């Protein structure tokens with residue numbers, strides 16, 4: 001059975017004071033009886049401080065992005081090995097905002113996936129379609145194209161280190177959420193695509209849903225057979241709502 005994961009992506013939010021308050025509330029609210037993994041992904045400048053605040057906690061630390069380069073003259077970039085050095089175990093790769101706002105191609109995302117694995121970290125590969133692509137009936141083709149770029153670039157061993165997050169672009173930060181059935185349909189496509197590569201990896205692969213996940217809709221989403229948790233944006237900044245999502249992923253209610 002795949003262990004659920006709930007990851008909070010704080011995006012460009014936070015301060016030292018608000019982060020401390022949020023982490024304290026999350027740590028206090030997590031229950032040892034909940035069998036799941038919980039991760040937070042703060043902005044780069046708060047990673048080391050967050051790692052220190054999470055000492056002795058089951059909460060794991062992720063980064064929002066990493067450079068495709070291991071080192072060199074790339075001012076402003078942060079390498080995967082640096083992220084590992086400050087305590088990260090996971091890195092988001094190919095988030096829709098990186099693809100749409102910063103022009104990251106499928107090929108660059110694949111390079112980042114490979115670089116993150118080479119540094120000993122686990123990549124969380126984000127895939128998803130725009131509203132225009134969905135309305136054109138191209139959702140499956142878009143998802144397969146994004147996945148195929150990574151599948152062609154990595155070994156089975158590398159692929160097994162990863163997690164995939166389906167985040168429909170039209171549902172991120174909009175308040176619109178894919179229905180549980182819509183999300184499940186795409187998650188099934190993802191698992192079938194990986195299945196063609198390896199039945200073992202497909203069976204063990206954790207696929208998260210990201211797109212306006214909230215405490216109010218988490219239980220219905222996580223009840224779907226191929227949804228193994230959530231990549232949570234705005235709701236991860238509210239400790240009570242984030243904990244409700246975690247509770248839902250663990251199969252309990254709050």
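The values are calculated or read from the model by the stated rules, or taken from the named source; none is laboratory data. Source: prediction; values computed, not measured. Using ideal geometry, Cβ is built from the backbone for each residue, glycine included, and neighbour counts are taken over all protein chains shown.
Quick check on segment 1-30: of everything there that is in a loop (DSSP other than H, G, I, E, B) and without any contact (Cβ under 8 Å) to a residue 12 or more places away in the chain, which residue is surrounded by the fewest Cβ atoms within 10 Å (Cβ to Cβ)? Ranking the candidates gives 1 first.
Quick one: is residue 160 under 29 Å from residue 22 (Cβ atoms) and within 18 Å of the chain's Cα centre (by Cα)? No, not satisfied.
Kindly indicate the residue of segment 73-104 that is out of contact with any strand residue (DSSP E or B) (no Cβ under 7 Å at 6 or more places or on another chain) and in contact (Cβ under 8 Å) with a residue 40 or more places away in the chain and also farthest from residue 39 (Cα to Cα) among those meeting that condition. Out of the qualifying residues, it is 100. Just need a number here: residues in segment 195-209 that are more than 16 Å from residue 228 (Cα to Cα) and either in contact with a strand residue (DSSP E or B) (Cβ under 6 Å, 6 or more places away or on another chain) or part of a loop (DSSP other than H, G, I, E, B) (or both). Qualifying residue count for the region: 3.
Can you find a residue in segment 210-218 that is assigned to a helix (DSSP H, G or I) and over 20 Å from residue 128 (Cα atoms)? Yes, some residue in segment 210-218 is assigned to a helix (DSSP H, G or I) and over 20 Å from residue 128 (Cα atoms). Within segment 103-123, the set of residues being surrounded by fewer than 21 Cβ atoms within 10 Å (Cβ to Cβ), in a helix (DSSP H, G or I) and under 18 Å from the mean Cα position of the chain (by Cα) comprises 106, 108, 111, 114.
Evaluated against (1) more than 22 Å from residue 192 (Cα to Cα); (2) touching a residue at least 24 places away in the same chain (Cβ under 8 Å), residue 132 falls short on exactly one condition, (2). Within segment 73-84, being in a loop (DSSP other than H, G, I, E, B) and either in contact with a helix residue (DSSP H, G or I) (Cβ under 7 Å, 6 or more places away or on another chain) or under 20 Å from residue 7 (Cβ atoms) (or both) holds for one residue alone: 78.
Kindly check whether there is at least one residue in segment 43-59 that is assigned to a strand (DSSP E or B) and at pLDDT 95 or above.
no
The set of residues in segment 32-50 that are in contact (Cβ under 8 Å) with a residue 40 or more places away in the chain and surrounded by fewer than 14 Cβ atoms within 10 Å (Cβ to Cβ) comprises 33, 35. Being surrounded by fewer than 18 Cβ atoms within 10 Å (Cβ to Cβ) and either touching a residue at least 40 places away in the same chain (Cβ under 8 Å) or not in a helix (DSSP H, G or I) (or both) narrows it down to one of 183, 178, 153, 165, so name that one. Exactly one of 183, 178, 153, 165 is surrounded by fewer than 18 Cβ atoms within 10 Å (Cβ to Cβ) and either touching a residue at least 40 places away in the same chain (Cβ under 8 Å) or not in a helix (DSSP H, G or I) (or both), namely 153.
All of 70, 53, 66 fail the test of being farther than 16 Å from residue 7 by Cα, touching a residue at least 40 places away in the same chain (Cβ under 8 Å) and surrounded by 15 or more Cβ atoms within 10 Å (Cβ to Cβ), apart from 66.
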